Structures are given as structure tokens and as C-alpha cells.
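Structure record follows, encoded as C-alpha cells.
The values are calculated or read from the model by the stated rules, or taken from the named source; none is laboratory data. Since this is a predicted model, take the numbers as computed values, not measurements. Positions of Cβ are backbone-derived with ideal geometry, glycine not excepted, and every protein chain shown enters the neighbour counts. Calculation scope for accessible area: heavy atoms of the full protein, side chains included, ligands and nucleic acids excluded. Shrake-Rupley method; radii C 1.70, N 1.55, O 1.52, S 1.80 Å.
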Amino acid sequence: MRIGEVGLMTRDAVRLAAFYKWLLGVENGSEDAIHQVILAEETMLTVCYDGGASANGGNVCLAFTAAGVEAESRRLLEYGVQILEPPKVRPWGMKNLSFYDPDGNRVFFRSPLQ
């Protein structure tokens with residue numbers, strides 16, 4: 001068995017999906033206010049409207065492998081994203097940076113050391 005989907009529940013699916021489309025450089029052609037598939041490769045990333053029922057963010061963290069976290073850090077700053085932890089080499093052989101998405105979920109970008 002494999003994980004088939006990671007879903008982010010939100011009170012504003014269009015806003016959060018727009019952020020992840022920008023972040024990941026993808027366009028899904030949808031402005032659906034209820035459900036949007038952002039990535040559909042090995043594991044899907046979806047953004048779903050929660051009906052206003054859940055607490056806003058902070059319940060999940062996501063980690064994406066990027067070609068270079070230094071360049072991603074500059075891109076995030078240009079977009080106005082506040083970096084929580086700047087690029088830093090970790091003992092497990094990755095360089096990580098972290099930030100919050102618009103709903104307060106923690107996001108990590110990581111690059112393997114070469």
C-alpha cells in the first residue's frame with residue numbers, strides 16, 4: 001500500500017491552491033472553490049474547501065525536494081514569503097529551508113548535498 005494523496009483542508013481553496021500552483025510552478029486550469037488537484041504524479045497534492053469547519057492551518061507540514069534551496073529562498077522572498085529557517089545543512093545530509101503557507105502550514109524545501 002502507498003500514500004495516494006495528501007490533502008490540505010482550508011477555508012479558501014482558491015487562495016491556497018493559487019499559492020501552491022505558484023510555489024510548485026504548475027497550472028491546473030481550475031479555480032474550483034471546492035477541490036483542486038495541484039500535483040498528480042506519484043502522490044497527489046490536493047486543496048479542498050473544509051466548509052469552514054476546521055481550525056485554520058498548523059496541522060500539517062509538507063516537504064518538497066528542490067534542485068537548490070538557495071535559489072528557492074530568493075524566489076520565496078521576492079514573492080513576499082517570510083522564511084522561518086534560512087537554508088541550512090542538516091546532519092542527515094540535506095540542506096533545508098522552511099516557511100509557512102498562507103494557512104499557517106509549515107513547508108520545507110530540501111536539497112540533497114552534492
Exercise for the section: Just the number, please: carbon plus sulfur as a percent of the accessible area of the chain, 1.4 Å probe, no ligands or DNA/RNA counted. Expected result: 54
Exercise for the section: Please work out how much length the chain gains when fully extended from Leu62 to Ala33, using 0.36 nm per residue of separation minus the C-alpha to C-alpha distance, in nm with one decimal. Expected result: 8.3 nm
Practice task
Calculate how many DSSP beta bridges within the chain are antiparallel, expressed in % of all such bridges and rounded to the nearest 5.
Solution key: 60
Exercise for the section: Can you work out the accessible area per residue across the chain, with the rest of the protein chains kept in place, probe 1.4 Å, in square angstrom? Expected result: 60
Fill in the blank from the handout: Given a Förster distance of 35 Å, the FRET efficiency implied by the Cβ-Cβ spacing of Glu78 and Arg2, rounded to the nearest 0.05, works out to 0.50
Completion exercise
Length-normalised contact order of the chain, Cα under 8 Å, at least 6 apart, in percent, tallies to 24
Problem - 0 to 90° range, to nearest 10: angle between helix 69-79 axis and the chain longest Cα axis - result: 50
Completion exercise
Checked against the structure, the computed volume of the Cα convex hull per residue in Å³ among (1) 85; (2) 124; (3) 194 is the one labelled (2)
Practice task
For Val26, list long-range residues whose amide hydrogen, built 1.01 Å from N in the peptide plane, is under 5 Å from its own amide hydrogen.
Solution key: none
